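Enquirer: If you scroll down you'll find the structure; I have some questions about it.
Here, each number is a calculation from the coordinates, and none is a lab measurement. Quick caveat: nothing in here was measured; it's all calculated off a predicted structure. Here the Cβ positions follow ideal geometry from the backbone for every residue, glycine too, while neighbour counts run over all protein chains shown.
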Amino acid sequence: MQLTREGGSSRAARALRAFATVGLIAAAGCSTASTARPAGTTPAPNAGPATQNPASSLNAAIADQITNPVNAPASRDTAAAGGVTAADRIAAMLGPPAFLGPAQDTARREAFIDSLLSQMTLAEKLGQLNQPPGQWGDTGPVVSKGGEADVRAGHAGSFLGVYGADYTRRLQHAAEESRLHIPLLFGYDVIHGFRTIFPVPLAEASSWDPAAVERSARIAATEASAWGVTWTFAPMVDIARDPRWGRVVEGSGEDPYLGSMMAAAKVRGFQGDDLASDSTVMATAKHFAAYGGAEGGRDYNTVDISKRTLHAIYLPPFHAAVKEGVGSVMAAFDEIGGVPMHANGPLINGVLRHDWGFHGLVVSDYTGIMELERHGVAGTPEQAGILGLKAGVDIDMVSGIYLKNLPAAVDSGLVPVQDVDRAVKRVLRSKWDLGLFQDPYRYSDSTRQKTRTLTPADLRAAREEARESMVLLKNDSILPLRKDLGTIAVIGSLANDSLSCLGPWHGAGEAKDAVTILQGIKQAVSSDTKVIYAKGATPVLGGTDTAGFPEAMRAVRQADAVVLVIGETQAMSGEAASRSNIDLPGVQLALAKEIQATGKPLVVVLMNGRPLATPWLAEHAPAILESWFLGVQMGPAVADVLFGDVNPSGKLPVTVPRAVGQIPIYYDHKNTGRPPNPNDHYTSKYLHLPWTPLYPFGFGLSYTTFDVSAPRLSSPTMRPGDTLTVAVDVTNTGKRAGTEVVQLYLHDEVRSVTPPVKELRGFQRVDLQPGQTRTVHFPLTVNDLAFWGLDNRWIYEPGWFTVYVGSSSVDVKSTRFDLVDGSGP
Ligand code: NOJ
């Protein structure tokens, strides 16, 4: 039974009076700062605070809250510190059977939530489903803003883009002053670090080191949670096979297996073992689903893929995140086959919730509910809201449609209130699981915010991960450089671009905290070495300005070695940053050609958020180091590799095309009926370009050399239920210690659905001293042999499988085994 608004108020008033008498509820009259952003002040997409001018992008009231944080009133701190929690207050108000229990006690949680729900008005319920944006992170039209007044009125259950211990405390206080005192969730895009910015996810994936990725997410969660963040909109687990799409930078590349490993690692890192711990945050697997399949690589664009491609390629990382216990999933902006994801009940309620057993929250993307009108499946905001809620989207980020338009839909019977209740319960459960009912202030800790930000240990971790995330693409015996060279010329504006070190989606990271490549090199070389910097060329799309060339060439002529840093700025990838070409922007290639013509030893360091097609460099530059965007410790990490303090070990998590016309190009393609054959005209290839990539998936060099033996099998046959072990010997055949990433691929030779030429099914990082050999084992079960069958389920079929093991997707040795008696699961 629902109480009327009046009845609820009087109960609440009684409870408030009760607590007021013991001094636990502060007097009314808190600041009610307006949160409306002035028109025309929308920050650039992807821009975190480091790229904004807070004074110009925030209204005065909010800016004041950030620059002059107001500490929580003492009486309320006392309330939290004294062990009296939001749950106490609610329990007292509701009376039995509501009671307080530990966050981990799910039976109590359900009883508590049922009690709470029974006290909520429809408006309060829809308030819980409404997520207004706060200070930061507009990534679309500013159609609403939220602040304390909305919270007090029960119109907001969570916020997008707020952080700061003091400000989030202040909003939680406002929540305490709402009728039911329900605490808020604070969501933020903590993608690859909060203040201590780590390598962008594509770079992290290049490490092929899930443990390192888990650690970076753990640190990001610890930092962000101290600043009040309870919920991150990460990991982004979209498979991306079109480097024109700017968001390729945010994910783990093209492969479902590697992507699943990274997705699970990130979820573990963000959420830890205990979501209610004050140093963990709820993670979000996004964007559900197939957002990376956007036609033409154009962001937000239509996706039209087969069900098999959806299940075999795009969904596995989401499934991995769900199996790892991810707390929330974000719906994607795309449509698949005519159904926008925000209205896609069969995928959200069906596959995600029913088939996979996901019990968490589904949040819309920014104005995703509103956009159902533009997609052309809703004629009114009300219809959009109904479609979204019915499809299983619980929280309406930014549109404000659930709050405003669903009351009429419920009143008219178009939406059963049970649908609303289901979504509200999911929101309340998340709050319970995060421990917010027990203590809404647990994440907003101004002391921890100071002590847990940019700590030396975290900076060390950022440098270590950055070292592992670079991929050495070419080295004609020029690297590593000596530290005692007479003169090094460092050329390219990116070498001195601290903001670009951070990459897109840099959370609350600040450019001032990033160490550039130029600084890193200066710190690394001997005091006798002269480092001359010249800007030379700046990445500008369509840029033609060569004014910096003469100065750069003067520096080059004086130098014993040249480090040329070229690529893209951080704003050239990320959301709404698609490119129709994937070459080096502007005059950078022209500068590279001039420098190369001098014959000076040349090392090209690429900084970029997507694979770049650079065939000229591949042929002519003596050395190329792919560094992506490596975060606050980019400079020292790049210098570590350039000067040989660290031996590079990264491998490409994406195929690098020779030209934009090859897109999509990925390693696990089909054989076709006419596989490419240079000697046969009527085969699948191009007239004027090789069909092979510039650099294959899994490729990456080292300063040493490795030999990976032919694979040995524990048995020539496998039966369902068996574990077949593949063993290979890996030897460091060079003179330096190094790490090889050994990769195992499988190929199903004949089956009822055309098989990819090979599919990654295992990898291991192996550290080896010079001359050392280690044997690596890969266990295989039928799960590794399964495919999405003709009858739309995962199956396996008997027959021969080829096992490939090696150091990239093309540099492999093989053997075969027979799967016998595989009659299906
Ligand atoms: C839009 C992006 O698509 C999504 O990834 C992000 O989490 C939200 N904006 C919130 O910033």
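Enquirer: Which whole number of Å³ per residue matches the convex hull of the alpha-carbon atoms in the stretch 583-633?
Expert: Enclosed volume per residue, from the Cα hull, is 88 Å³.
Enquirer: At each listed q (0.14, 0.19, 0.25 Å⁻¹), what is the log10 of I(q)/I(0) that the Debye formula gives for the stretch 605-655 modelled as equal alpha-carbon point scatterers?
Expert: -0.39, -0.73, -1.16
Enquirer: Under 14 Å Cα-Cα from Lys474, which aspartates and glutamates qualify once same-chain neighbours fewer than 8 residues away are excluded?
Expert: Excluding near neighbours in sequence, the set is Glu619, Glu626.
Enquirer: Would you work out the charge dipole size for the chain about its Cα centre, treating the Cβ of every Lys and Arg as +1 and the Cβ of every Asp and Glu as -1, and quote it to the nearest 20 debye?
Expert: The calculation lands at about 600 debye.
Enquirer: Compute the signed sum of charges (Lys and Arg +1, Asp and Glu -1) over the other residues within less than 9 Å, Cβ to Cβ, of Trp505.
Expert: -3
Enquirer: Cβ under 15 Å from Val805's Cβ, Val805 left aside: what net charge do those residues give with Lys, Arg +1 and Asp, Glu -1?
Expert: +2
Enquirer: Expressed as a rounded percentage, what relative contact order does the stretch 511-608 have, with Cα pairs under 8 Å and six or more residues apart?
Expert: Rounded, it is 33 percent for the stretch 511-608.
Enquirer: Taking Cα pairs under 8 Å and at least six residues apart, what relative contact order does the stretch 208-365 come out at, in percent?
Expert: Reported as a whole number, the value is 25 percent.
Enquirer: Something else now. With runs of 4+ DSSP H residues as the only contributors, calculate the mean residue ellipticity of the chain at 222 nm using -39,500 (n - 2.57) per run, divided by the residue total and rounded to the nearest 500.
Expert: Dividing the helical sum by the residues of the chain leaves -8500 deg cm²/dmol.
Enquirer: Let me ask another. Using the scaling law 2.2 N^0.38 Å as the reference, what is the normalised Cα Rg of the stretch 220-340?
Expert: Against the compact-globule rule of thumb, the ratio is 1.07.
Enquirer: Largest first, please: the extent of the C-alpha atoms of the chain along each principal axis, to the nearest Å.
Expert: Extents along the principal axes: 82, 69, 49 Å.
Enquirer: With the convex hull built on the Cα atoms of the stretch 273-319, state its orientation-averaged projected area in nm².
Expert: Spelled out: convex hull of the Cα atoms, projected over all directions, averaged, 4.6 nm².
Enquirer: Say the cut-off is 31 Å between C-alpha atoms; which of Lys593/Lys758; Lys307/Lys685; Lys404/Lys431; Lys307/Lys390; Lys286/Lys758 go over it?
Expert: In this structure, Lys593/Lys758 lie more than 31 Å apart at Cα.
Enquirer: On to the next question. What is the Cα coordinate range of the stretch 617-714 on the first, second and third principal axes, sorted by size from largest, in whole angstrom?
Expert: Projected onto the principal axes, the Cα atoms of the stretch 617-714 cover 51, 43, 24 Å.
Enquirer: Equivalent ellipsoid semi-axes for the stretch 289-360, as square roots of 5 times the alpha carbon gyration tensor eigenvalues: give them largest first, rounded to whole Å.
Expert: 21, 12, 11
Enquirer: Using the 10 angstrom Cβ neighbour count as an exposure proxy, how do Asp238, Asp791 rank, fewest first?
Expert: With the sparsest Cβ surroundings first, the list reads Asp791, Asp238.
Enquirer: Turning to a different aspect of this structure: Can you tell me the FRET efficiency between Arg719 and Arg816 if r is taken as the Cβ-Cβ distance and R0 is 25 Å, rounded to the nearest 0.05?
Expert: For R0 = 25 Å, the calculated efficiency reads 0.95.
Enquirer: Right, here's the next one. Could you compute the net charge surrounding Asp209? Neighbours are other residues with a C-beta less than 13 Å from the C-beta of Asp209; K and R count +1, D and E count -1.
Expert: -2
Enquirer: Quick one: pull the percentage of alpha-carbon pairs in the stretch 413-506 with a separation above 14 Å.
Expert: 84
Enquirer: For the stretch 735-825, just the Cα set please: Rg and Dmax, both in angstrom.
Expert: 15.6, 53
Enquirer: Kindly provide the pair-distance distribution of the stretch 516-558 built from C-alpha pairs, with 10 Å bins from 0 and whole-percent values in order of increasing distance.
Expert: Percent of Cα pairs in each bin: 25, 42, 28, 6.
Enquirer: Oh, and also: Return Ile197, Ile239, Ile566 ranked ascending by Cβ neighbour count within 10 Å, so the fewest neighbours appear first.
Expert: The most exposed by this proxy come first: Ile239, Ile566, Ile197.
Enquirer: Determine, for Arg674, Arg448, the number of other Cβ atoms within 10 Å of each Cβ, and report the residues in order from fewest to most.
Expert: Listing Arg674, Arg448 from fewest to most nearby Cβ atoms yields Arg674, Arg448.
Enquirer: Would you work out the relative contact order for the chain, in percent, from Cα pairs under 8 angstrom that are 6 or more residues apart?
Expert: 12
Enquirer: Run down the lysines and flag those whose C-alpha is under 19 Å from the C-alpha of Lys530, throwing out any fewer than 8 positions away in its chain.
Expert: Partners found: Lys483, Lys522, Lys600.
Enquirer: So if the hydrodynamic radius of the stretch 488-623 is defined as the Kirkwood radius over C-alpha pairs, what does Stokes-Einstein give as its diffusion coefficient at 4 °C and 1.567 mPa s, in µm² per second?
Expert: 85
Enquirer: Can you pull the percent of Cα pairs in the stretch 779-821 with separation above 11 Å?
Expert: Value for the stretch 779-821 (Cα pairs over 11 Å): 71 percent.
Enquirer: While we're looking at this one, here's another question. Which value, in Å³ per residue, describes the convex hull spanned by the Cα atoms of the stretch 567-654?
Expert: Measuring per residue, one finds 116 Å³ for the Cα hull of the stretch 567-654.
Enquirer: Shifting gears a bit: For a quick protection proxy, order the peptides 714-721, 647-654, 591-598 by their average other-Cβ count within 10 Å, most packed first.
Expert: Going by the mean number of other Cβ atoms within 10 Å, highest first, we get 647-654, 591-598, 714-721.
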